[in-house]
Amino acid sequence: MKDPKRITSMPGFFGGTNHYDENGKLVGYSMPGLFGGENHYNADGSLAGYSTEGFFGGENHYRADGSYAGYSTEGLICGENHYDANGGYAGYSTPNMIAGSTFYGSGNDDSFFGDDDSDSHW
């Protein structure tokens, strides 16, 4: 298992969200989708994936090629729990003090947020 990953998400321009790694480097951003959900982009502007609302709440996540990447559910008290495509625990997000959220990855290689050697949010 790799070291846990941390991605901090902060409000950006035009209703989007910017995502930063542990060192403050921009690793990606998300924008509202035209028909709901969110589109997720790598820092270079390439499409990384997208998220849609789940049938029973939460969100379903997909990679740029349309393959299923995982899902998120509301946390018991606040924030969200994240799971990979196989249902394995991938980490959790909590609100941060500035108005965004912080994702704490489990460190599993199959986390849908990508591995620690990648600049990809997915």
Q. Modelled label-to-label distance, Asn96 and Asn60, 7 Å Cα→beta-carbon offset: nm?
A. 3.0
**Q.** FRET efficiency for Glu22 and Tyr89, using Cβ-Cβ distance with R0 set to 22 Å, rounded to 0.05
**A.** 0.65
Q) When the distances between all Cα atoms of the range 1-109 are binned every 5 Å from zero, what whole-number percent does each bin get? A) 3, 12, 19, 28, 24, 11, 2, 0
Q: Extending each Cα 7 Å along its Cβ direction at Met10 and Phe35, get the distance between those two points in nm, one decimal.
A: 3.4
Q: Report the local net charge at Gly36: Lys and Arg +1, Asp and Glu -1, summed over other residues whose C-beta lies under 13 Å from its C-beta.
A: -3
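FYI, it's all coordinate maths here, none of it is from the lab. Since we're looking at a predicted model, the values are computed, not measured. All Cβ positions, even for glycine, are placed from backbone atoms using ideal geometry, and neighbour counts span all protein chains on display.
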